[in-house]
Amino acid sequence: MDDENEQGGGGDDGGGGAGGSSGDKKHGGHFDISNPLKNAARRGMPNPANMRANNPLSGRGGPKGTKRSIVSVGRVTAQASAAAFRGILAFFATPPGIVTLVLIAATIFIFYMLFADEVANQPPTEPDPAVRVRTTCPPQAVVGQEFTCAISATYPGIAKDFIIIDTYFDGLEYVSSIPEGKHDATGRKVTWSMSDAGILLTSPLIFGVTVTFRVLGSAPDKLYQKIQAYPVEGSVSAGAAANYVPANRDNCGGKANLGKNPLGNFGDPACDYTNDELYTFLKLEDPLYAELWYLTIVVGESSYNPNAWAAPVGQQASLDAGGAWGNFQMGSSTPPGTAPPAPGKNGEFDRGDVNWKMQAKSAIQYNRNQNCSFRYWATARSKWGAYKC
Amino acid sequence: MKQKQKENIFIIALAGLLLIIVFWIAILAFSAEPTLQPEQQIQPTITITLTPTPTHETTSPPVKYDTAAQDKLLDKFNNRQALSSNDTFAKAKILASLPPGQQSGIVYKTSNISIEYVHSPDLFQIEILTTDIAQAKAAANVWFRAQGMSQRGICDLPLLFYLNWEIANQMRGQNIQFSPLGNGC
């Protein structure tokens, strides 16, 4: 035996539990990794190539029993595989095999060092694909610095609750958030619930929070590169909106101007509408165009009456058979007053037959879907196409 | 023996080649990642998907508003002129008439007009409750003057006139163009 064979045999001895056998020793330790069948032949195993003549599946005759031949082929294949496996093991016991093993291990280690951190910080999969989460953070932050991220999440439908879970990086210290979320320091998580925050659940659901962190000294060097890939997820609770209030008859002590609308007090069922509240809400929901909405559109479309209804007569009949509804004179579900997200004539956001906050949100989203052109509202004719989202 | 050495060299070379390929892939992967520059402001990725709702419909308001007047009102609102001390005092006197604890509310009401101060936009809104628009505007003007406001101060407050919803619907189809500005503003 030459040196390599001895080492190979010794390797098999040492690693007998891992697949070595006395048979390996007996027939030598040299293996051709590229040809396991050759190795098998060296061990005195039948070569399937040589058995072809006896294999009925090869079409060259052979034993009479087909079943027996299939078993033989299977046995030979298994034996050849085992021999190949033993050959590979024996190879890794030789100096070149050990070098190769070290190189493979080094490669795996390098890969681990390069990518393990990134893999560990992958954002969790969103539980509901319809939930869209957007984070805006500063491009970088240094040790000791506080930085604030804005997180906004949207859901096109309606739900019992809307939850944002922010799992922040190791090396950050939670400072505060608006609205104040539930902080789990151990799990490095901040959780916000829209219903806990007392925010009206409307359709579409739009939830925005800000969260401030401080960068600790133990933060990884590349932390600033990851802030943009902030791991945040959003989820919704199934079911109809908990805070959705269907239209009532006049339940606000005569405050509401119901006119002749067939739904009653659909625009202010909670009796909380005032012009002051409307402007504040518009500033919150669409700050860039709040003045245009308030001073130009609502005033001309509905005279600040969330219960305004233009009956489907005359020109209005050609526009929408259900009439025009609310502060923004939009469409209605069929029948009117159905809980969102029932669509209006032009889709989910063409809904004016809802409470005044939903009216405003629907109008804003409807306009955004039209690239902020304001082309739906005749009162904004002078501004048509002047703005873009 | 020589044959074995050749095989060993071949295997080591193969392993080395594998390692080079691995490094090459790693370098490619990292070079594809955008490098952050200190001054570089990264644009946040917008993940909100918007579904355009194609429609060419427009609303059909009962009364057409004067767009030039509307734009002028917007301009007055966004670029407010400072009130004189007399007008500031007069405004404070009007607001003092609000019920205690209220920042917004009706400060004057007749059968023809209802004058409301709205705190968040800091705006006086006059709802016209009659089809006689000119008379209603004049009545509002008289009242503000009676509170000590100058004519210029009335325009600079600013004031916003609008038609009551029922009144506006009574005037539907009459081809009326309504200005939300006060007389002389």
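Structural remarks
- Hey, B:GLY182 modelled with pLDDT under 95, under 30 Å from B:ASN86 (Cα atoms) and not in a strand (DSSP E or B) or not: yes
- Residue within region B:164-175 that is facing another protein chain (nearest Cβ under 8 Å), closer than 18 Å to B:GLY105 by Cα and not in a strand (DSSP E or B) present: yes
- Residue within region A:280-293 that is in contact with a strand residue (DSSP E or B) (Cβ under 9 Å, 6 or more places away or on another chain) and more than 7 Å from chain B (Cβ to nearest Cβ) present: yes
- Single match in A:GLY254, A:GLY314, A:GLY267 (criterion: at pLDDT below 80 and within 13 Å of another protein chain (Cβ to nearest Cβ)): A:GLY314
- Looking at B:GLU57, B:GLU116, just one residue is assigned to a strand (DSSP E or B), within 14 Å of another protein chain (Cβ to nearest Cβ), within 24 Å of the chain's Cα centre (by Cα) and of a type outside the set (Val, Ile, Thr), and that residue is B:GLU116.
- Lone qualifier among B:GLN103, B:GLN70, B:GLN81 - being among the polar types (S, T, N, Q), assigned to a loop (DSSP other than H, G, I, E, B) and touching a residue at least 60 places away in the same chain (Cβ under 8 Å): B:GLN81
- For region B:144-163, filtering for residues that are within 14 Å of chain A (Cβ to nearest Cβ) and either under 30 Å from A:ASN261 (Cβ atoms) or more than 28 Å from the chain's Cα centre (by Cα) (or both) leaves 5.
- Failed item, numbered, when A:PRO336 is tested on (1) within 11 Å of chain B (Cβ to nearest Cβ); (2) at pLDDT below 90; (3) more than 30 Å from the chain's Cα centre (by Cα); (4) part of a loop (DSSP other than H, G, I, E, B): (1)
- All positions within region A:304-326 that are in a loop (DSSP other than H, G, I, E, B), of a type in the set (A, V, I, L, M, F, W, C) and buried (at least 23 other Cβ atoms within 10 Å of the Cβ): A:ALA308
The values are calculated or read from the model by the stated rules, or taken from the named source; none is laboratory data. These numbers come from a predicted model, not from an experiment. Every residue, glycine as well, gets a Cβ built from its backbone with ideal geometry; the counts of neighbours run over all protein chains shown.
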